[in-house]
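One structure below.
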Amino acid sequence: MENTVLVVEDNELNRMLLTTILEDTYHVLEAENGRKALEILQDSKNSVSAVITDLIMPEMDGFQFLEAYSSSLEFANIPVIVSTSQSDSESEVKCLEYGAWDFIKKPYNAEIIRFRVKNVIERSELYVLRKLRYQEQFDTLTGIYIKNMFVHQTKKMLKEYPDVDFMILHFDIYQFQVYNSVFGMRGGDKLLCHIADMLRKMSGYVEHMTYCRIEADAFCICMPVAGNEDIQRMMDCFQKDLQSYQRDYNILSNLGVFYIEDKEASIYGMIDHAKLASKECKGNYIQNYHIYTEEIGKSIQEAQSIVSDMERAMKEEEFVLYLQPKYGLAEYKLKGAEVLVRWITPEKGMVSPGKFIPVFEKNGLIMKLDYYIWDKSCRLIRNWLDRGLEPFPISVNISRVSMYNPRIVEEIYDLTVKYNIPPKYFQLELTESAYTDNPGTIKKAMRQLQEYGFTILMDDFGSGYSSLNVLKDISVDVLKLDMKFMAASGSENQRRSESIVANVIRLAKDLELPVIAEGVEEKEQVEFLDSVGCEYVQGYYFAKPMPVEEYEKLAFVIESTLKA
Ligand code: C2E
Ligand code: CA
Ligand code: CA
C-alpha cells in the first residue's frame, strides 16, 4: 500500500531534494505553488496522504494555500507539514492556526523529514480508513486478494475477455495442520507467504490471471484454460518449488480444476466446484490434480449423505462392534480377537466397512469413528473384568488418518485410564502403508505407545511396496500377514506364494516377531501355515466376525478346541 506525498515548493532544487528523500517510500507528486497544489488535491484520483508545503511562493503562497486548505472539509484529514527556512515563531503560530500538523526546517535533514512524514500519515484518520479498506481487500498475512476481491476481479476479467476460455483452480496443502505442528504457526505462515509469492511471480507471465488466498491454506487462480499436459507441468513445477523450499518435508498440494462454461454463473459456485475436484486427490502423490466432472459432483453428494448420516448413526448406536476370533495353532485354541466395526441401519441393513470407511477417511470423520470404537472396546474389556472373566486381548484398528492426530498417544492412553484396564488387553492394529505416509511421526508415536505397554500389530503386512524396508526400521510386536495378498491355492503362482509366506515367517522368527495369518479360508492353508511355523491364524475357516455375545460364548464358556 504505497502512500502519496504532495510536495509544494517553487524552488526546483528544493523540490528535487525533497522528492529524492521521499521517493523510496512514497509516491511523490510535485506542485510549484499553492494553486497547483489545490488542483492536485481536488483531483480525487491523486489520493494524497500528506502535503509538504513551502511558505514563500509566487502566485499562491503557503499561507494562502493553508487558508484554502483549512476551510475545506474534504482536506481536513490530510496532514500538512510546513517547511520553513528559519525559526520564525510568528509565522509558525499562524501556520498552526490554519491547521498545519508539523514543521521541517531548511536545510533538509533527510531522516527527520522521513520520520515526520511517516508520523503525520500514521496519525491521520485517512490512514486508518485506508488501512481498513486494505484489509477488506487484501489478506493481511500474504498481501494478496481475499475471496471477495478475487470474485470481483474475476467477474471483471471474464467480462473483459469474452473470447478467452477460462478455468478456476483451487489448491491447498495436504495435511497443513501437520505441517503447522512440525514447523510451528510461524513456519506455516511463512509457507503461505511463499506460495503467495509464487502466485505473484506466476501472474507476471500468465496474461490474464486473478488469484487470491481463499481461506487458511487454500488458494484460487482464474486463468485461461490449459490442457492436461500443461496442468501437469504446472503442478510438477509447483511441487518442485515446494520441495526446494522445504527439503526435509514432503509438502504435497492438491489441485482441483473447474473449466468455466457459463461465464455468467456464480463465481462462488465455480470455486466450490474446483474445491470439490481438489478433494478427489487428497493425499495422492501421483494424481495430484483433478478436473471437475458431473460424476464428482454426484459422488460428493452421496458421500455427503453418508457424512450427515454418521453423526446421527453414532448417537443412535448404529455402529456396532463385531469380534473375529484369532486362534493359536500350537493348541488350536482361541487366543484373542480383532474388533471390526459394523454399521447396522434399519433401512440398509448391514453396511460393510469397505463402503463407509474410505468415505470417512477422506473427510477425516474416521478419527471420530476410531475413537468411538476404541472407547466401546475399552468399555467391553472393563465389562468382562467386572464380571470376573479373564479376557483374551482384543485388537482395534487405527486408521492411517488417525495417525495424523498429534494427540493420538494421549487419547489412547487416557481411554485405558478412564476404564482402568491394563494395556495388555487392548492391542493396536496399524496398517503397513500408514508407516510409509509419514514414518517420522509414526515411529515416535509407536514407541511411546509401546512404552505405555501397548502391543502393536502391523496390519496387512505384504500389501505395501516396502514391507521389508518397514520392518527394518520400525518396531512392531506382531505381524499380520494377509493371505488375500497371496495367490489362490491351485493357481500357478501358489508355489511362489507359499515360498514367500514361508520366508516372511522365517524372517519374522529371526526378528522374534510372532505372525498372525489372516483371511485364512481353507484347511490346506492352515496346514501349510502350521508346517512353516506360523503361530496364529484368523479367518473364515475358523470363525467369521461375530456379535459380542456370540464371541463371549466362544471365549469364556466353551473354550473351543477345533482339532477334534
Ligand atoms: P482389516 O483390518 O484387514 O480386517 C480384516 C478384514 O478381513 C475384515 O473385513 C474381515 O471381516 C475380513 N476377513 C476376515 N477373515 C476373512 C476370510 O477368511 N476371508 C475374507 N475374504 N475376508 C476375511 P471387514 O470387517 O469388512 O473390514 C474391512 C476393513 O475395514 C478392515 O480390514 C479395516 O481396514 C477396516 N475396518 C474395519 N473395522 C474398522 C474399525 O473399527 N476402524 C478402522 N479404522 N477400520 C476398520
Ligand atoms: Ca485389522
Ligand atoms: Ca488386515
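The values are calculated or read from the model by the stated rules, or taken from the named source; none is laboratory data. Remember, it's a predicted structure, so these values are computed and weren't measured experimentally. Positions of Cβ are generated from backbone atoms using ideal geometry, with glycine treated the same way; all protein chains shown enter the neighbour counts. When the accessible area is computed, the model is the full protein with side chains, heavy atoms only, and any ligands, DNA or RNA have been set aside. Shrake-Rupley method; radii C 1.70, N 1.55, O 1.52, S 1.80 Å.
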Segment 79-143: relative contact order from alpha carbon pairs under 8 Å, six or more residues apart, as a whole percent, is 32
Sparse-neighbourhood loop hits (trypsin sites (Lys or Arg not before Pro), segment 316-420; DSSP loop; Cβ within 10 Å at most 15 others) -> 348, 387, 407
Result for the chain: accessible area per residue, probe 1.4 angstrom, in square angstrom, of 52
The farthest towards the positive end of the charge dipole of the chain, of the residues 5, 448, 534, given +1 on Cβ of Lys and Arg and -1 on Cβ of Asp and Glu, is 534
Filtering chymotrypsin sites (Phe, Trp or Tyr not before Pro) in segment 253-352 by DSSP loop and by at most 14 other Cβ atoms within 10 Å leaves 285
Listed by chain and number, the lysines with an alpha carbon less than 20 angstrom from that of residue 335, same-chain partners under 8 positions apart left out, are 326, 424, 480, 509, 523, 544, 553, 563
Descending accessible area (1.4 Å probe), largest on the left, turns 389, 334 into 389, 334
Over segment 239-340, the quotient of the Cα radius of gyration and 2.2 N^0.38 Å is 1.73
For the chain, percent of DSSP beta bridges that are antiparallel (nearest 5) comes out at 50
The farthest towards the positive end of the charge dipole of segment 32-178, of the residues 33, 104, 124, given +1 on Cβ of Lys and Arg and -1 on Cβ of Asp and Glu, is 124
Long-range amide H partners of residue 290, meaning residues 5 or more apart or on another chain whose placed amide H is closer than 5 Å, are 255, 256, 257
In deg cm²/dmol, rounded to the nearest 500, the helical mean residue ellipticity at 222 nm of the chain, built from -39500 (n - 2.57) for every DSSP H run of length 4 or more, is -15000 deg cm²/dmol
Answer in debye to the nearest 20: the dipole magnitude of segment 118-260 about its Cα centre, from +1 Lys/Arg and -1 Asp/Glu charges placed on Cβ, is 600
Note, segment 312-325: 3J(HN,Hα) by Karplus (6.51, -1.76, 1.60, θ = phi - 60°), whole Hz, Gly/Pro = x, goes 5, 4, 5, 4, 8, 6, 7, 8, 10, 7, 10, 10, 10, x
Along principal axes, largest first, the alpha-carbon spread of the chain in whole Å comes out as 119, 54, 47
Residue-ordered couplings for segment 386-398, obtained by feeding phi - 60° into the Karplus form 6.51 cos²θ - 1.76 cosθ + 1.60 and rounding to whole Hz (Gly and Pro as x), are 4, 7, x, 8, 9, x, 7, x, 10, 10, 10, 8, 10
Residues whose modelled amide H sits under 5 Å from the amide H of residue 326, counting only those 5 or more places away in sequence or on another chain, are 335, 336, 337, 338
Dipole check, segment 343-395, charges on Cβ (K,R +1; D,E -1), about Cα centroid: among 345, 371, 383 the Cα furthest to the positive pole belongs to 345
Given unit charges at Cβ for Lys, Arg (+) and Asp, Glu (-), the dipole magnitude of segment 216-306 about its Cα centre in debye, nearest 20, is 280
Amide H contacts under 5 Å for residue 166, restricted to residues at least 5 apart in sequence or on another chain and with H modeled in the peptide plane, are 225, 260
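Roll a 1.4 angstrom probe over the protein heavy atoms and tell me the percent of accessible area of the chain that is carbon or sulfur. Display every interim value, and only then the final one.
Numbers: 14690 of 29120 Å².
Taking all protein chains in place, the chain shows 50 percent carbon and sulfur surface.
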